[in-house]
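In what follows, a structure is listed as structure tokens, so that the remarks can point back to it.
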Amino acid sequence: MKTLHIHLLITITIASALCSGCHELFPSEPGTARLAYPQARKDLVFDTYHGIEVPDPYRWLEDPDSAETQAWVTRQNKLTAEFLATVTAGEGIKPRLTHLMNYPKYSSPYKEGDRYFFWKNDGLQNQSVLYMQETLEAKPRVVINPNLMSEDGTIAVTITAVSKDGTLLAYALSRSGSDQQEVKIRNIDSGQDYGETLQWCRFTSIAWKHDGAGFFYNRFPEPNTVPPEDQTNYNRVYWHKLRTAQAQDKLIYERPDNKELGFAPLITEDGKFLILHVYHGTDTKNRIYYLAVGSTSSFIRLLDDADARYDFIGNFNSVFYFNTDLDAPRGRIIAIDVNDPGRNNWRTIIPQTDDVIDYVALVDNHFVVAYMHNVHHQVKIYDLDGTFVREIPLPTLGTVSGLSGKQCETEMFFSFTSFLFPTTSYHYDFRTRKLTVFQKPGIDFDPSTYETRQVFCHSKDGTRIPIFITHRKGLRLDRSNPTLLDGYGGFNISIRPRFSVSTLVWLEQGGIYAVANLRGGGEYGKTWHQAGMLNKKQNVFDDFIAAAEWLIENEYTNPERLAIRGGSNGGLLVAACMLQRPDLFGAVVCQVPVTDMLRYHKFTVGRYWTPEYGSAEAGPEQFKYLYAYSPLHNVKAGADYPPILVTSADTDDRVVPAHAKKFVATLQAKATGKNPILLRVETKAGHGRGKPISKIIDEQADIYAFLSQTLLP
């Protein structure tokens, strides 16, 4: 995700701001005045954590529906829009973004039955369209077009599941970026939907029974059947029979004794077993239960200790294969015969190596393993006994995604991308060992004049941190280059090379784009993740600061021309780093951030994140380290912070906008410098998934206009 700042020239009396809460802009000499921010009421609200009293004066901003909150947000948005409107340097950004974005974009295909399915966006369609073709040479036809469902593109298809024979589609709709979903069913040949709609879905998985009679899926309880605080607890698995009302769905599994467990059902490729991936929030340690399809027995808890990560790969009869980090922090592939599942009988098929096993597929009776080597992919093929067969050559240093294929078929698809390599889909034939381009985008941009390199810096404790740097060839290292540094560092998520049109616009303006791979992610396995979570979260901030210092010390840029950007957990990252080292950055883009580390778990699905962050209510030790870095609670009165643009969305029900609102209100009240502190709250948008291209272009144009004003002059 991305955010921006901008500097504006105004003069306005404090008295008028205090009296009316308005923020008319009056041009003045550069840098002579501070923006007049909308007034935010301060209440005497306190919480006591383990004997320590903590104020929360802007708690009223947690209520998104109150007239006072809405009026305050309206004034903040008006201030930001007026500020950005004065940026003459950014006038060409939106047209260039729109032009570059207007090219066909494809997903990697996948096959069900004898049919191939893929997503395509013609260029500026708000939502991508699902297509199907009968053969690799046949003309594709539309299966579902979300753009016809709303005029503004804010209804998105967020999940699709095609039946075994390729004739039925179950799909989930999300509105205005919400995580809440409703599931519908379409006959692919007729294009008609069946009458039923499944409600109360969120993070839902769908597993079709092979005869097409229906599917298994997980959902939450009806809202009026549980207290409000439990509406994202008590996840359950149901069987839905085609052409019946949801009220007739059969409950298959629940765990009322452990209400925080979640379930993701899948059916094995041979159709014999229903597998449940059982999880607790974002904890990487999971459980695996299974049941023979059609059996009336209880689920068998094959792996129930939650002692490691177990990713189900596939099976051959009773032998189940898993990618696990048990006794292997970078991953290994094991086999468990469910007829003799004792741990002494487990077999290691592919042992741990120096590289991380990112994911695995079973295709043509081979293991296809995507390894991460220094945060870029290598794809290797192994026999079922673990014997190495070959490596598939990739175009450059980059990322493989959407890998699909069948256990007993000889073809495979995947997409490949990198910073200067638009996402391209490939077809691989196991018989001929030939890799060919299946769908290639055409974009009006010449990557040959730019380059990407990977460097390494050392964090505060000596840990080696990778940084990808992309810039124009022949760059002069004279400390003058505007530089944008991205990061994330959390939840075992790896930030790999990827193509982004908005990055191209930045590069064309003479900017450097850098990505730091921080602890807390999954780039080097479980140990790397654990070194950046819970009480070790400060390592993540230290890593990011070290990357910024490296760019300055090696004369790529200087603090006045170095911007940092991050979203969600990355928003927490850049907010914390700005507060800890305000001298190091020239601008901050903080998108959909988590900023209140003492109360985050009280909102929507925030409780899912306690395995990653901890909880201030869990004990004095966890409170102490959360309070030490929580952005909301570490803004210093009288400090001069860099320009900051904080973005959020009114219907974000993952990281609620209260985080952004309270943080901005605190910054505007306490900071005394002249640098702008701006809030941009999008309407009819959520955490990012399903956002229409029109809104993406508007947001990115604002971000890069902000950066143009703060870094490029």
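Every number in this text was worked out from the coordinates using simple rules, so none of it is lab data. For clarity, every value in this text was computed on a predicted model and none was experimentally measured. Counting neighbours? That spans all protein chains shown, and the Cβs are built from the backbone with ideal geometry, glycine included.
Tabulated data for the structure shown
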{"item": "Dipole moment magnitude, nearest 20 debye, the chain about Cα centre, only Lys, Arg, Asp, Glu C-beta charged", "result": "480 debye"}
{"item": "Acute angle (nearest 10 degrees) that the helix 67-85 long axis makes with the longest principal axis of the chain, alpha-carbon atoms", "result": "80 degrees"}
{"item": "Anisotropy class of segment 354-442 from Cα gyration tensor, a/c 1.5 cut", "result": "oblate"}
{"item": "Longest to shortest principal axis, alpha-carbon extents of segment 485-545, angstrom", "result": "40, 20, 13"}
{"item": "Nearest-ten-degree value, helix 658-670 long axis tilted from longest Cα axis of the chain", "result": "20 degrees"}
{"item": "Dipole magnitude of segment 354-442, debye to nearest 20 (Cβ charges: Lys/Arg +1, Asp/Glu -1, about Cα centre)", "result": "360 debye"}
{"item": "Dimensions (Å) - segment 385-425, Cα atoms, principal axes, largest first", "result": "37, 19, 11"}
{"item": "Positive-end residue, the chain charge dipole about Cα centroid, Cβ charges, pick of TRP506, PHE299, ILE333", "result": "TRP506"}
{"item": "Segment ASP165-THR410, length gained on full extension (0.36 nm per residue, minus Cα span)", "result": "86.4 nm"}
{"item": "In segment 382-477, the trypsin sites (Lys or Arg not before Pro) that fall in loop regions by DSSP, at most 13 other Cβ within 10 Å", "result": "ARG431, ARG433, LYS460, LYS473, ARG476"}
{"item": "Gain in span if fully extended, VAL319 to GLN133, counting 0.36 nm per residue against the direct Cα distance", "result": "63.6 nm"}
{"item": "Sequence-separation-based contact order of segment 354-442, relative, with Cα cut under 8 Å and 6+ spacing, percent", "result": "20 percent"}
{"item": "Cα gyration tensor of segment 645-713 - equivalent ellipsoid semi-axes, whole Å, descending", "result": "23, 18, 6"}
{"item": "Among LEU169, LEU261, SER694 the positive-end extreme of the charge dipole of the chain (Cβ point charges)", "result": "SER694"}
{"item": "Degrees between helix 569-580 axis and first principal axis of the chain (Cα, 0 to 90, nearest 10)", "result": "30 degrees"}
{"item": "Candidates per trypsin sites (Lys or Arg not before Pro) in segment 624-713, loop by DSSP, up to 13 other Cβ within 10 Å", "result": "LYS636, ARG689"}
{"item": "Dipole magnitude (debye, nearest 20) for segment 103-168, charges at Cβ of Lys, Arg, Asp, Glu", "result": "140 debye"}
{"item": "Options ALA71, THR399, TRP208, ranked by Cα towards positive dipole end of the chain, top entry (Cβ charges)", "result": "THR399"}
{"item": "Cα gyration tensor shape of segment 397-496, rounded if a/c is under 1.5, else prolate or oblate by comparing a/b with b/c", "result": "oblate"}
{"item": "Percent breakdown of C-alpha pair distances by 10 Å bin, ordered from the shortest bin, for segment 601-672", "result": "17, 42, 34, 7"}
{"item": "Mean projected area in nm² (Cα convex hull; one quarter of hull surface) for segment 224-366", "result": "10.7 nm²"}
{"item": "For the chain: relative contact order, % (alpha-carbon pairs under 8 angstrom, 6 or more apart)", "result": "15 percent"}
{"item": "Sorted by Cβ neighbour density within 10 Å, fewest at the top, the residues VAL655, VAL437", "result": "VAL437, VAL655"}
{"item": "Most to least packed among 189-195, 373-379, 103-109 [average Cβ atoms within 10 Å]", "result": "103-109, 373-379, 189-195"}
{"item": "19 Å reach of a label modelled at ARG301, 7 Å along Cα-to-Cβ, counting backbone N of segment 331-349", "result": "338-344"}
{"item": "Rounded, prolate or oblate (a/c below 1.5 giving rounded, otherwise prolate when a/b exceeds b/c) for segment 29-99 by Cα gyration tensor", "result": "prolate"}
{"item": "Tail weight of P(r) past 15 Å, computed on alpha-carbon pairs of segment 104-181, percent", "result": "57 percent"}
{"item": "Theoretical FRET efficiency, 1/(1+(r/R0)^6), r = Cβ-Cβ of GLN538 and LYS473, R0 60 Å, to 0.05", "result": "0.95"}
{"item": "Among the listed pairs LYS259/LYS691; LYS78/LYS184; LYS661/LYS691; LYS42/LYS537; LYS111/LYS241, those beyond 27 Å (Cα-Cα)", "result": "LYS259/LYS691; LYS78/LYS184; LYS42/LYS537"}
{"item": "Equivalent ellipsoid semi-axes - Cα gyration tensor, the chain, angstrom", "result": "42, 29, 26"}
{"item": "Amide H contacts of PHE438 (H built 1.01 Å from N, under 5 Å, at least 5 apart or other chain)", "result": "SER425, TYR426, HIS427"}
{"item": "GLU560 paired with ALA71, simple spin-label distance in nm, labels 7 Å along Cα-to-beta-carbon", "result": "4.1 nm"}
{"item": "Segment 491-625: proportion of alpha-carbon pairs further apart than 21 angstrom, %", "result": "45 percent"}
{"item": "Theoretical FRET efficiency, 1/(1+(r/R0)^6), r = Cβ-Cβ of GLN530 and GLN199, R0 41 Å, to 0.05", "result": "0.60"}
